[in-house]
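Reading through the structure tokens given below for one structure.
The values are calculated or read from the model by the stated rules, or taken from the named source; none is laboratory data. No experiment lies behind these values; they were computed from the predicted model shown. Positions of Cβ are backbone-derived with ideal geometry, glycine not excepted, and every protein chain shown enters the neighbour counts.
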Amino acid sequence: MWEGINLKKLNFKPSGICLKKLSYDLFNDGSVQLIETSGHSKEMFVTRIKNNDAFMMIAADCGYARKSWKQNILPGVVESKPDLKQSLEWMREQTSLPYCIGGYASHDSDIKQQTIEF
């Protein structure tokens, strides 16, 4: 399936953000950051999209649904329970901040199609 496709590994850099304190700044301006949130599997990340102080979070496998970080529900397959628990707690804290306009999980069947504006 990936034959002939040149994949490039992202170089996460020290940032002081989250458990591993690593992130990848997609445009080098802080507007879109991929923040390392290991636990479910190695090198998974949450995408934080920021506009001035407002931001939103999109979790790939840090949690399968919002209730994952709200109720500390871990997926069935976990590489590191302690890391994932810390990642979920961080996601819960971030999405509870007053300037967070939303926290979303890519596997959440409760999420409806919508337009998000800052």
Point to revise | Hey, Ala105 among the hydrophobic types (A, V, I, L, M, F, W, C) and more than 21 Å from Asp25 (Cα to Cα) or not | key: no
**Study point:** Filter result (under 19 Å from Lys50 (Cβ atoms), among the aliphatic types (A, V, I, L, M), out of contact with any Phe, Trp or Tyr (no Cβ under 6 Å at 6 or more places or on another chain) and at pLDDT below 90) within the range 1-31
**Key:** Ile17
Exercise for review: For residues that are on the phi < 0 side of the Ramachandran plot, surrounded by 10 or more Cβ atoms within 10 Å (Cβ to Cβ) and of a type outside the set (Lys, Arg), tally how many sit in the range 20-32.
Suggested key: 7
Review point. Restricting the search to the range 4-19, which residues are surrounded by fewer than 19 Cβ atoms within 10 Å (Cβ to Cβ) and within 13 Å of the chain's Cα centre (by Cα)?
Key: Ile17
**Study point:** Unique residue being farther than 21 Å from Phe118 by Cβ, crowded, with 16+ Cβ neighbours inside 10 Å and of a type outside the set (Asp, Glu) when the list is Gln86, Gln94
**Key:** Gln86
Review point. Only one of Leu10, Leu26, Leu19 is touching a residue at least 60 places away in the same chain (Cβ under 8 Å) and either within 23 Å of Arg92 (Cβ to Cβ) or not hydroxyl-bearing (Ser, Thr, Tyr) (or both); which?
Key: Leu19
**Study point:** Cβ-Cβ under 9 Å pairs, at least 6 apart or on other chains, the range 53-64 side at pLDDT 75 or above, far side surrounded by fewer than 17 Cβ atoms within 10 Å (Cβ to Cβ) and polar (S, T, N, Q)
**Key:** Ile58/Ser106; Ala59/Ser106; Ala60/Ser106
Check your understanding: Out of curiosity, is Gly76 under 24 Å from Ser109 (Cβ atoms), surrounded by fewer than 17 Cβ atoms within 10 Å (Cβ to Cβ) and either free of Cβ contacts under 8 Å to residues at least 24 places away in the same chain or more than 15 Å from the chain's Cα centre (by Cα) (or both)?
Key -> yes
Point to revise | Residue list for the range 75-89, filter: in a helix (DSSP H, G or I) and within 17 Å of Lys42 (Cβ to Cβ) | key: Lys81, Pro82, Asp83, Leu84, Lys85, Gln86, Ser87, Leu88
Practice item. For the range 99-110, indicate whether the set of residues that are modelled with pLDDT of 85 or more, loosely packed, with under 14 Cβ neighbours inside 10 Å and part of a loop (DSSP other than H, G, I, E, B) is non-empty. Key: yes
Check your understanding: Could you list, in sequence order, the residues of the range 33-49 that are surrounded by 14 or more Cβ atoms within 10 Å (Cβ to Cβ), out of contact with any helix residue (DSSP H, G or I) (no Cβ under 7 Å at 6 or more places or on another chain) and not acidic (Asp, Glu)?
Key -> Gln33, Leu34, Ile35, Ser41, Met44, Phe45, Thr47, Arg48, Ile49
